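**Q** This is the structure I want to talk about, given as structure tokens.
The values are calculated or read from the model by the stated rules, or taken from the named source; none is laboratory data. Values in this document were obtained by computation on a predicted structure and should not be read as measured data. Cβ placement follows ideal geometry from the backbone for every residue including glycine, while neighbour counts extend to all protein chains displayed. Note: accessible area is taken over every heavy atom of the protein model, side chains too, but ligands, DNA and RNA are not part of it. Shrake-Rupley method; radii C 1.70, N 1.55, O 1.52, S 1.80 Å.
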Number of protein chains: 2
Amino acid sequence: MTKAAGNPVGAACPLPLPHHERIVMGHGSGGRLTADLVDRLFKPLLANPVLMEGDDSAVIGTDQLGEAGELALSTDAHVVRPLFFPGGDIGRLSICGTVNDLAMVGARPMWIAAAFIIEEGFATADLDRIVRSAAAAAQEAGVTVVAGDTKVAERGAVDGLYVTTTGVGLVPAGRPSARAARVRGGDAVLVSGPIGDHGIAVLAARGDLALRTAIESDTAPLNGLVEKLYGSGVKVHALRDPTRGGVAASLNELAASSGVCVVVEEPRIPVRREVAAACEILGFDPLHIANEGRLVAFVPETDAETALAALRSEPYGAEACRIGRVEAGPAGRVLLETGIGGTRIVDMPSGELLPRIC
Amino acid sequence: MTKAAGNPVGAACPLPLPHHERIVMGHGSGGRLTADLVDRLFKPLLANPVLMEGDDSAVIGTDQLGEAGELALSTDAHVVRPLFFPGGDIGRLSICGTVNDLAMVGARPMWIAAAFIIEEGFATADLDRIVRSAAAAAQEAGVTVVAGDTKVAERGAVDGLYVTTTGVGLVPAGRPSARAARVRGGDAVLVSGPIGDHGIAVLAARGDLALRTAIESDTAPLNGLVEKLYGSGVKVHALRDPTRGGVAASLNELAASSGVCVVVEEPRIPVRREVAAACEILGFDPLHIANEGRLVAFVPETDAETALAALRSEPYGAEACRIGRVEAGPAGRVLLETGIGGTRIVDMPSGELLPRIC
């Protein structure tokens, strides 16, 4: 059951392609079958005036830019395996992933383009379920899917389905976009909730690790949370959503680009008991596990309490807490203060980790 | 040899990942190897200030929107097989495909986001060649690749490499965007050059049809051609780049959305002799064959000669000609007047045609 399953958008909609229970190569030909697929499945589920126009590009009036100060653009290919997992699916994931990347620079996500690469033989009912879930996530995030593309590759040339989503967002005029370059020594480091849920949920759903857990993926759009932060008057310096490579990768990237040192206090890192247990068994560090509905915020020390209160006022930030601080140096370094008084370097994860986690 | 091979951008650049002649799963992990791939291969080849910032989204100042009247957004997944073909490769194709979709609504293509899904074991040298070719095409088209993503899937879960490109373009203020809805009975229908080159070149490159031909793909950015059209004062009603499904699919889509009838005169359709011969042998209709560097323009009859002159003044439009006209009805119909005085319906292509042609 995906989170989107209860969405009323098309609860009574019949299977959209009655004569094709499975996708055939012709659905990618650009001819009549492609038109059928787009007109009967994608357009009804993602319905909006811009998408309906059917020109080669979506066209958006600049009056819709409002008081924008900056434009944000982000793209993500989603190759998650399996396509359906507890707490989400590739449809919800692909919308949230792009919405969150836009929100992480302080932009309001506005328009999404979605490109599907589908394996010949893919069940039309599964495609319907995935697009429905993407539509529900878009509705939740307040974004419009204005452009799309559908390609089909032969059996064995895609593992089911891949979705690349690209988003355009607007940073309101007067709002400084959140950027690595704005992070300063003395900043507080906050996280919006427990880490590692997505990675462990997906891993468990693969079923090849004999890992049983009740953990659900945290996949969620975080733009509401970010608006709350700015709305509370916090001077947001930088934001990151720690997906692939987890919090460790996000902090290392940020430390490197901003030339600061990030110090994390291990006992403060929120990790659900089941996630910690799974990591223990599998030999993973929760800091390396992917999240799809968590953010790390870098804010001035003086704004830390206001920021935490703002995050906690939203459902997706209810378990927000402070995990560390920024120091001026050593530049580019991430350090972990352990519970027993030691300090160790948190490296950029290397090697394979968890392939196809998003 | 791709068109990009002679490009000087990085002719002396050594292989970028000396310890990895092949892509490994870790290059998609989000950790150190991903950073290596992005920093050593993608960033140097696509170098520009926005891409270099390294935040979760590219951020573009709205001052760069200039006098834009509308924003255009388009996305395309590219799954062409083989990756290298006479006249181009997936790198050049993916940039041109998106540039052209933007240009087809009258927008000036500005910013591109590119997402790569790479098969484990893919040769790094081939990836380098593809990204280099994309960079050269972007330079030719005057667009900037400001955002990107790289995922790796296991051997057998991708057929080499897929690239999804998404573009943002600006329609200058005062320029009516080119839209199906603007087409009128009485419009002239022009094509910018011979049709079918791309489809036949790719098909021949597959080598499984014992088809030998000297035909090269027409893959090219058409935004210069479109600017020339507008610059000449032509009232452009609509533009289409006839890719998958060929001219037949483009005309049918346009006739359906604009509720007009398009009449094409068969003897006027430009088809190279080799393409015609290949179509004859293979039982294809040149109207169904994909193009990646051709456009169809719908302009008022009174502007037809000016439009042709404008198209012919550019290298990519040197062989432009008029192929037909628009009539008020029967709505949604495409008709072909044959050389011997007959008329037949040109249907939307159905079935498989040429899979993975773009």
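**Q** Got a number for residues in the stretch A:296-330 being small (G, A, S) and either in a strand (DSSP E or B) or surrounded by 19 or more Cβ atoms within 10 Å (Cβ to Cβ) (or both)?
**A** The qualifying residues number 6.
**Q** Please specify each residue of the stretch B:39-70 satisfying the condition of being more than 10 Å from chain A (Cβ to nearest Cβ), touching a Ser or Thr at 6+ places or on another chain (Cβ under 8 Å) and crowded, with 17+ Cβ neighbours inside 10 Å.
**A** B:L41, B:F42, B:L51
**Q** Could you look through the stretch A:172-192, keep only residues that are more than 7 Å from chain B (Cβ to nearest Cβ) and under 19 Å from the mean Cα position of the chain (by Cα), and pick out the one that is farthest from A:I23 (Cα to Cα)? Break it down into steps so the answer makes sense when it comes.
**A** Just the residues of the stretch A:172-192 that are more than 7 Å from chain B (Cβ to nearest Cβ), to begin with: A:172-176, A:178, A:181-192.
Next cut, under 19 Å from the mean Cα position of the chain (by Cα) only: A:178, A:190-192.
On the way: A:A178: 42, A:L190: 45, A:V191: 42, A:S192: 40 Å.
Here the residue is A:L190.
**Q** I've got another one for you. Which of the numbered conditions does A:N100 fail, given that it passes all the others? Conditions: (1) open to solvent by 10 Å² or more (accessible area, probe 1.4 Å); (2) within 13 Å of another protein chain (Cβ to nearest Cβ); (3) not in a strand (DSSP E or B).
**A** (1)
**Q** Consider only pairs whose beta carbons are under 8 Å apart and that are at least six residues apart or on different chains; among these, list those whose first residue lies in the stretch B:80-95 and is more than 18 Å from A:S29 (Cα to Cα) and whose second residue is of a type in the set (K, R).
**A** B:F84/B:R129; B:G87/B:K3; B:G88/B:K3; B:D89/B:R129; B:G91/B:R129; B:G91/B:R132; B:R92/B:K3
**Q** Then there's this: In this structure, does A:A220 turn out to be buried (at least 24 other Cβ atoms within 10 Å of the Cβ), within 19 Å of the chain's Cα centre (by Cα) and over 24 Å from B:G148 (Cβ atoms)?
**A** Yes: the conditions hold for A:A220.
**Q** Related question: Identify the residue in the stretch A:224-259 that is within 14 Å of chain B (Cβ to nearest Cβ) and part of a loop (DSSP other than H, G, I, E, B) and, among all such residues, is surrounded by the fewest Cβ atoms within 10 Å (Cβ to Cβ). Please lay out each step first, then the result.
**A** Filtering the stretch A:224-259 down to residues within 14 Å of chain B (Cβ to nearest Cβ) leaves A:226, A:236-259.
Subsequent filtering for residues that are part of a loop (DSSP other than H, G, I, E, B) retains A:236-237, A:241-245, A:259.
Numbers: A:V236: 23, A:H237: 23, A:D241: 23, A:P242: 26, A:T243: 25, A:R244: 27, A:G245: 27, A:G259: 15.
Of everything passing the filter in the stretch A:224-259, A:G259 is surrounded by the fewest Cβ atoms within 10 Å (Cβ to Cβ).
**Q** Out of A:A58, A:A137, which single residue is among the hydrophobic types (A, V, I, L, M, F, W, C) and within 21 Å of A:N291 (Cα to Cα)?
**A** A:A137
**Q** Now for a separate question. Whether any residue in the stretch B:16-31 is open to solvent by less than 30 Å² (accessible area, probe 1.4 Å) and either at positive phi or of a type in the set (D, E) (or both) is what I want to check. Give the steps one after another, and end with the answer.
**A** Initial filter on the stretch B:16-31 (open to solvent by less than 30 Å² (accessible area, probe 1.4 Å)): B:16-17, B:23, B:25-31.
Going one step further and asking which of them are either at positive phi or of a type in the set (D, E) (or both), we end up with B:30.
There is at least one residue in the stretch B:16-31 that is open to solvent by less than 30 Å² (accessible area, probe 1.4 Å) and either at positive phi or of a type in the set (D, E) (or both).
**Q** So, of the residues in the stretch B:338-348 that are in contact with a helix residue (DSSP H, G or I) (Cβ under 6 Å, 6 or more places away or on another chain) and closer than 25 Å to A:G31 by Cα, which turns out to be nearest to the other protein chains (Cβ to nearest Cβ)?
**A** Residue satisfying both the conditions and the ranking: B:M348.
**Q** Would you check which residues across the stretch A:132-149 are more than 8 Å from chain B (Cβ to nearest Cβ) and under 30 Å from B:G160 (Cβ atoms) and list them?
**A** Answer for the stretch A:132-149, where residues must be more than 8 Å from chain B (Cβ to nearest Cβ) and under 30 Å from B:G160 (Cβ atoms): A:S133, A:A134, A:V145.
**Q** Let me ask you something else. For residues that are aromatic (F, W, Y) and without any contact (Cβ under 8 Å) to a residue 12 or more places away in the chain, tally how many sit in the stretch A:34-53.
**A** Applying the first criterion (aromatic (F, W, Y)) to the stretch A:34-53 yields A:42.
Retained after the next criterion (residues that are without any contact (Cβ under 8 Å) to a residue 12 or more places away in the chain): none.
Selection size over the stretch A:34-53: 0.
**Q** Continuing with this model, one more query. If you take the residues in the stretch B:112-127 that are touching a residue at least 60 places away in the same chain (Cβ under 8 Å) and touching a Leu at 6+ places or on another chain (Cβ under 7 Å), which one is farthest from the other protein chains (Cβ to nearest Cβ)?
**A** B:A125
**Q** Looking at the stretch A:5-19, can you tell me whether even one residue there is modelled with pLDDT of 90 or more and not small (G, A, S)? Explain how you work it out, then say what you get.
**A** Our first condition is that a residue be modelled with pLDDT of 90 or more; within the stretch A:5-19, this holds for none.
No - not one qualifying residue is present in the stretch A:5-19.
**Q** Any residue in the stretch B:79-94 that is open to solvent by 10 Å² or more (accessible area, probe 1.4 Å), within 22 Å of B:P49 (Cα to Cα) and either facing another protein chain (nearest Cβ under 10 Å) or among the small types (G, A, S) (or both)?
**A** no
**Q** Within the stretch A:261-295, work out how many residues are open to solvent by less than 50 Å² (accessible area, probe 1.4 Å), under 24 Å from the mean Cα position of the chain (by Cα) and of a type in the set (D, E).
**A** 2
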